[in-house]
Amino acid sequence: MSIEKTIADLTASIVNLTSLIQRLADAQAAPVAPKPVMITEPVTSGAPVPTVSPAPAINPLPVATPTFMTPPPAVQATPTAPFNDAKGLLAYVMDAYKAMGPEKGAQIQTVLTHLKYNNINDVQPEHYTALYLGIEQLKAS
């Protein structure tokens, strides 16, 4: 027996088995219809006729209701100060003072006091953004 014949025989067997499995699966999946009931006796007009209501359909797989994802809330980026050292801070504050004028520019001290500083040179890098936002709010008002 050659290897080619063995392969051909095995292929034919696999095809036959696949066909048999498919027919069995189809037979099991086909719904079984109830046998009709034959009434052989005549029904008298005075006797109540029993009625049979069909059984409710059973859904074997629950259907999930669609859910719609809402987009996450937009995260607003916190503005950062346009400076990152004491020299840049001093230049920004001086420019802001000049742009606002002496009356409004004097309110920069209020922003510093709010951040618990008395002098611009004492401001720590972690408070640069807070100072920047406070001065920008003064400019806008």
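Numbers for the structure displayed
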| item | result |
| --- | --- |
| Linear extension gain, K98 paired with A86, 0.36 nm per residue minus alpha-carbon span | 2.5 nm |
| Simple label model, 7 Å out from Cα along Cβ direction - T18 to Q109, nm | 9.2 nm |
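Just so you know, all these numbers are worked out from the coordinates, no wet-lab data involved. Keep in mind it's a predicted model, so treat the numbers as computed, not measured. Every residue, glycine among them, receives a Cβ derived from its backbone with ideal geometry; neighbour counts consider all protein chains shown.
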